[in-house]
Amino acid sequence: MATTRGSSEGGDAVTDAKKREFWDERAAKASHPGTDDFILKRLELDLILRVIAPGSSVLDIGCGDGETVVALAEQRGCTGVGVDFAEQMVAAANARAGASTATSRLRFQRGELPSLPADLGRFDYVLTERCLINVTADQQRAAFDALIEHVRPGGQYLMIESFRQGLDRSNALRAALGLDPIAPPWHNAFLDEDAVATWGGRAVLKQRLPFTSTYHFLSRVIYARLATDRGEPMRYDSDINLLSLRLPPFGDCGPVQLWTWERPAAAK
């Protein structure tokens with residue numbers, strides 16, 4: 001998805017401007033502006049629709065064009081607020097919501113991490129899909145703390161993010177088949193599993209789920225080797241990639257994971 005993004009100084013400010021331009025340009029894509037990998041987005045959305053309880057209130061940070069929160073409103077009867085730092089993404093989200101029967105349950109606005117508007121309120125679920133990775137590494141913990149502030153006591157933060165160690169595990173498998181390593185995109189700072197495991201404080205880690213592992217193994221390792229051997233360009237809609245949608249997650253490779261954090265019911 002697109003990302004909320006904190007401002008900084010000097011060279012980082014230039015990078016911020018480049019990222020804003022990048023996501024504004026992505027907003028013009030007809031479908032899935034957050035990623036070309038539509039299967040990854042399908043896996044994320046299917047998981048979110050299973051996990052979030054009907055009728056819940058949801059805050060989607062880095063909401064992109066609003067696909068996730070609109071689907072939650074339409075299919076699960078949720079109310080939602082979507083926040084993104086890219087003006088064109090917010091416009092795209094409002095357009096998507098305007099074409100939905102669930103328009104009255106949704107609101108979209110611009111905002112930036114690591115801080116968020118205090119008047120957003122608290123929600124049953126706070127959600128990010130590959131959003132924190134667009135914040136600089138030294139801002140990620142502060143961004144996490146800001147997100148937890150908007151989780152109501154007893155609610156959950158569903159942190160769907162990319163982790164460096166998961167990518168390393170995939171790259172080790174690729175190396176075994178003579179494939180070059182995959183590097184993170186220029187605009188991402190993948191999270192560190194060991195560091196994130198210590199973030200706790202106002203929230204308790206309930207689950208770490210490498211739900212994209214099957215897909216990543218089949219698409220980035222097996223299919224990558226076969227396509228290379230055949231001299232074929234890789235396609236997201238390959239038969240192997242589509243087949244992965246019918247299999248449960250196994251193993252622990254690939255960067256994208258779900259970390260479920262719960263704010264204790266007694267929290268203030």
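Here, each number is a calculation from the coordinates, and none is a lab measurement. As the structure is a computational prediction, the values presented were derived from the model and not from experiment. Ideal geometry is used to build each Cβ from the backbone, glycine not excepted, and the neighbour counts take in all protein chains shown.
What does DSSP give for the chain in terms of the percent of beta bridges that are antiparallel, rounded to the nearest 5?
Just about 35 percent of them are antiparallel.
Which option, [x] 73, 42, 35; [y] 55, 41, 41; [z] 61, 46, 34, is the value of Cα extents along the principal axes in Å that was calculated from these coordinates?
Correct label, based on the coordinates given: [y].
For 39, 222, 52, what's the fewest-to-most ordering of other Cβ within 10 Å of each Cβ?
The most exposed by this proxy come first: 222, 39, 52.
Per DSSP helix of 4 or more residues, -39500 (n - 2.57); summed, then divided by the residues of the chain. What does that give at 222 nm, rounded to the nearest 500? Provide the component values of the computation, followed by the final result.
Values: 10 runs with 97 residues, N = 268.
Result for the chain: -10500 deg cm²/dmol, rounded to the nearest 500.
How far is it, in nm, from the label point at residue 46 to the one at residue 226 when both lie 7 Å from their Cα along the line to the Cβ?
Simple spin-label model gives 1.8 nm for this pair.
Taking the Cα centre of the range 131-268 as origin and charging only Cβ (+1 Lys, Arg; -1 Asp, Glu), how large is the dipole, in debye to the nearest 20? Show your work: numbers first, answer last.
Numbers: 15 positive and 15 negative charges, 72 e Å.
With Lys and Arg at +1 and Asp and Glu at -1, about 340 debye.
Let me have the relative contact order for the chain, percent, based on Cα pairs under 8 Å that are six or more residues apart.
Values: 525 pairs, mean separation 52.6, N = 268.
20 percent.
For the range 191-237 and the range 131-183, compute the distance between their C-alpha centroids and round to whole Å.
10
Short version: ³J(HN,Hα) in whole Hz for each residue of the range 47-61, in order, from phi by Karplus 6.51 cos²θ - 1.76 cosθ + 1.60 (θ = phi - 60°), x for Gly and Pro, what are they?
Here the 3J(HN,Hα) series is 5, 4, 5, 6, 7, 6, 6, x, x, 6, 9, 10, 10, 9, 9 Hz.
Taking amide H atoms as placed 1.01 Å from N in the peptide plane, list the residues 5 or more away in sequence, or in a different chain, whose amide H sits under 5 Å from that of residue 256.
Hits under the 5 Å cutoff: 163.
Mind jotting down the distance between the C-alpha centroids of the range 41-56 and the range 99-113, whole Å?
Computed from Cα coordinates, the inter-centre distance equals 17 Å.
Is the shape of the range 100-198 best called rounded, prolate or oblate, per the rule: a/c under 1.5 gives rounded, else a/b larger than b/c gives prolate, else oblate, with a ≥ b ≥ c the square roots of the Cα gyration tensor eigenvalues?
Because a/c hits 1.5 or more and a/b exceeds b/c, the range 100-198 counts as prolate.
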